[in-house]
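The values are calculated or read from the model by the stated rules, or taken from the named source; none is laboratory data. Bear in mind the structure is a predicted one, so any value in this text is a computation, not a measurement. All Cβ positions, even for glycine, are placed from backbone atoms using ideal geometry, and neighbour counts span all protein chains on display.
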Amino acid sequence: MNDRPTDPDPAREPDPSTDTWSAWLPRLDPPTTPLPQAPAPPPASDTPPDAPPRPAAAPPPSVPMSWYAGWPPAPTAAAPSPAPAYPPLPPNRLGVAILCTLFCFTPFGIVALVKATSVKRQWMAGRYVEARRASRSAKNWCILAALVWPGLLWFFACTGMMLMTR
């Protein structure tokens, strides 16, 4: 029940090199002719016509690797460095605040820790005066914690002795 002929007629086979099915379509890209071009003007020269030709430019010399060792170049003494646009970061005194918290009067040390951690945050936000004030405040709270601790030790020692003598 195969209705195909077993020996196909070569004349009936389609030719792959021809496109007969789209022959009825209009041509979409009509052939074009190249546009006439104006001749290029001669290159302008600043040398007189009787001058000898210039030699070709020499290739750039290779840069030795030792040249990169000093990169970026150090500023010269003649060129002053630009002034900073903002004041320098004040010291945050975080290490001293930690020591005061551990070894001195802890409540004052905690206040010093809070003040010390706010220094950089305020400086980065552009509040330079508040950053300087927080730095001084952290230092003052550390000094206060260091001074209160011996006073408290003396107070508790005296109170304990008074209670033992009764």
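See the values below:
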{"read-out": "In region 108-149, the residues that are in contact with a Ser or Thr (Cβ under 6 Å, 6 or more places away or on another chain) and either of a type in the set (S, T, N, Q) or over 15 Å from Leu94 (Cβ atoms) (or both)", "value": "none"}
{"read-out": "Long-range neighbours under 6 Å by Cβ, at least six apart or interchain, first residue part of a helix (DSSP H, G or I) within region 114-126, second of a type in the set (D, E, K, R)", "value": "Ala116/Arg93; Gln122/Glu130"}
{"read-out": "Residues of region 100-130 satisfying the condition of being buried (at least 16 other Cβ atoms within 10 Å of the Cβ), hydrophobic (A, V, I, L, M, F, W, C) and over 25 Å from the mean Cα position of the chain (by Cα)", "value": "Cys100, Cys104, Phe105, Phe108, Val111, Ala112, Leu113, Ala116"}
{"read-out": "Number of the condition not met by Ser62 [criteria: (1) under 28 Å from Ala146 (Cβ atoms); (2) at pLDDT below 95; (3) small (Gly, Ala, Ser)]", "value": "(1)"}
